Amino acid sequence: MSLAVTGALLDGETVGLRVEDGLIAKLGPAAEPRAGDEVIDAQGLLLSPPMVNAHTHAAMTLFRGYGDDLPLMEWLRTKIWPAEAKLHPDDVYWGTRLACLEMIRSGTSRFFDMYWHGAEAARAVLDSGLRAAISTVMIDQLDPAKGESMRDEVLESLDRVADAGPRVSPSLGPHAIYTVSSESLAWLAEVAAEREISLQIHLSEIEDEVRDCLEEHGKRPAAYLDELGFLGPRTVLAHGVWLDEAELELIAAREATVVASPAANMKLAVGGLLPYPAAARAGVRLGLGTDGVSSNSNLDSFEEVKLFALSQKHASGDASTLPADEALAIARGLRSPTLGGTQLEEGQPADFLLLRGSDPELSAGDLDADLVYAAGGSVVDTTVVAGRVLMRNRVAPGADELVAEVRSRAARLTA
Ligand SMILES: [Zn+2]
């Protein structure tokens, strides 16, 4: 059975959409359902591309509200790392399931994940219906011998994610340059190149990282990573708050992607933001991510894109910085081929949203501007990924059970 949508609005025109084999087979005024199709009557709903959450730690829904109002390193050392030491693989499954539900409810079709027990996260993604690039985080505490002893485990986890099934792609996720040795970073870059998979890392989130890197290696973080062969078209760099112009030019030349996470930056008071104007001038490929729930504290990419645009305008003292249509394109993963954002076009994956055009936030004005400045994820009525309806009329099946399951696991982990 295929899916068809009738009566939706797209750029002011009433259109239909028909899905075949997970792709948009037909889109436009003439697109009609065929006999036997599952039909969504989308009167009053606006057809829209989905969001791509380019940096998160999905299972951290388990730690929502745990250790709020602490600075980054104190929060990690006194709250998150001790609680994570108690994690079981099935905690990651359920935490990721809840994250997927939250992303379905706020219009995200695909995310980039870095967390423990990647195979469990992959299973949760498959069961939820979303798409994701899943990495199992690697931390060797700057000890190359420890890093070497972890290699078999890293490869095994990678293979399990690679074999998980459709909609999940394997990825590698060294945590940061201050928690992973040069030797391990270089090795991971080699594995990623051999397997043609993405590499995710936190980069220049806090200023101390830059100072320590200069002291230790005599160069700034991006140059250090480049020397290790780490920067390439499939590299995804989270945060990039303290990147200077030379680093941005280097990153642009290597075609790596930098992902802004303004909510987490502001909540953890890192003291800055991705220097968007300089990054745009340098031609850096950009994405937007919520980061994990415990440093955000939600996974709503509509909220994130508003914070992104507003914080950049505020920081630059120029209201024309990062206009709504560009902020939205970045949030939809359309400004970096690595992020896999999709457009509403025939032949593209059947990943799309139907938005409530009658909601007050969307009832007047320019749609792109309303989506960035006025809307939250609650304007999403229907979420479709790979031609499968994951939410309809704002109802996603199993929500109550997932919340209860994660609540009880969170209580155990944070006790
Ligand atoms: Zn992060």
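Remarks
- Surface composition of the chain: carbon and sulfur make up 49 percent of the accessible area, probe 1.4 Å.
- Computed log₁₀ I(q)/I(0) - Debye formula, equal Cα scatterers, no solvent, segment 226-339, q 0.17, 0.23 Å⁻¹: -0.77, -1.39
- Rounded to the nearest 20 debye, dipole of segment 266-415 from Cβ charges on Lys, Arg, Asp, Glu: 560
- Computed from the C-beta positions of Glu190 and Ala411 and an R0 of 41 Å, the FRET efficiency is 0.45 to the nearest 0.05.
- Overall size of segment 88-127 from C-alpha positions, given as principal axis extents largest first: 28, 16, 14 Å.
- Structure-based [θ]222 nm, the chain - -39500 (n - 2.57) summed over DSSP H runs of at least 4, per residue, nearest 500: -10500 deg cm²/dmol
- Over the chain, the alpha carbon radius of gyration divided by the compact-protein estimate 2.2 N^0.38 Å works out to 0.95.
- Taking the square roots of five times each eigenvalue of the Cα gyration tensor of segment 128-190, the equivalent ellipsoid has semi-axes of 24, 12, 8 Å, listed largest first.
- Helix 245-254 axis versus longest C-alpha principal axis of the chain: approximately 70°, rounded to the nearest ten.
- In the chain, a dipole from Cβ-located charges (positive for Lys and Arg, negative for Asp and Glu) runs towards its positive end, and of Thr321, Ala399, Leu334 it is Ala399 whose Cα lies farthest in that direction.
- In a DSSP loop and with at most 12 other Cβ atoms within 10 Å, the GluC sites (Glu not before Pro) in segment 93-196 are Glu196.
- Cross-link partners for Lys146 among the lysines, with Cα-Cα distance under 30 Å and sequence neighbours closer than 8 places in the same chain left out: Lys79, Lys86, Lys219.
- Calculated SAXS-style log₁₀ I(q)/I(0) at q = 0.18, 0.19 Å⁻¹ - segment 267-415, Debye, Cα scatterers: -1.26, -1.33
The values are calculated or read from the model by the stated rules, or taken from the named source; none is laboratory data. From a predicted model like this one, the values you see are computed outputs, not experimental measurements. Every residue, glycine as well, gets a Cβ built from its backbone with ideal geometry; the counts of neighbours run over all protein chains shown. In case anyone asks, the SASA skips ligands and DNA or RNA and just uses the protein heavy atoms, side chains included. Shrake-Rupley method; radii C 1.70, N 1.55, O 1.52, S 1.80 Å.
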